[in-house]
Amino acid sequence: EGDWSDRRTFEASDVRLCDFATYGPAPLIIFYEYDFGDSWMHVIELTRKAKEPGVKYPRCVAGSRRAPPEDVGGPSGYFDFLEAWHDTRHQDHKDMRRWAGRTFNPERFNLDVNNKAIAKAIRHSKGSYRFRFEP
């Protein structure tokens, strides 16, 4: 509610998607920081949509670019990675290509792959939208 100055901070493991069920008709913008050491900031927009028959929720409806490789070193490390990735004359080009894998394409966003990952996370959370780590 309110404007940008009316921010609240939540611990991600204490928040479930259903906690946001009461927001109004306007999109809800969430800033999510992943990996505090590398400071990946994500902007997530939650928008109310009419349910479609046969569609499982929650789901992603749009996105851009592929996620960076894990442990690439935050935004500055990813910048360096992309520089080496795209420049065949860069001294680290071959190493970066080998490390990220042949199918990695930083420009491609695959909606189906992302929705499968969401569905898998939901299954693993046993329906509570929370991950449960079992020893």
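Only the coordinates and a few stated rules stand behind these numbers; no lab work does. Keep in mind that what you see is a predicted model, and the values were worked out from it rather than measured. Here Cβ is always computed from backbone atoms with ideal geometry, including for glycine, and neighbour counts include all displayed protein chains.
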Legend entry - Rough spin-label spacing in nm, given labels placed 7 Å along Cα→Cβ, for Lys94 and His124: 3.5
Inset, instruction - Could you check the simple spin-label distance between Arg59 and Asn114, using points 7 Å along Cα→Cβ, in nm with one decimal? - result: 1.4
Inset, instruction - Grab the beta carbon distance between Thr103 and Leu46, set R0 = 25 Å, and tell me the FRET efficiency rounded to 0.05. - result: 0.25
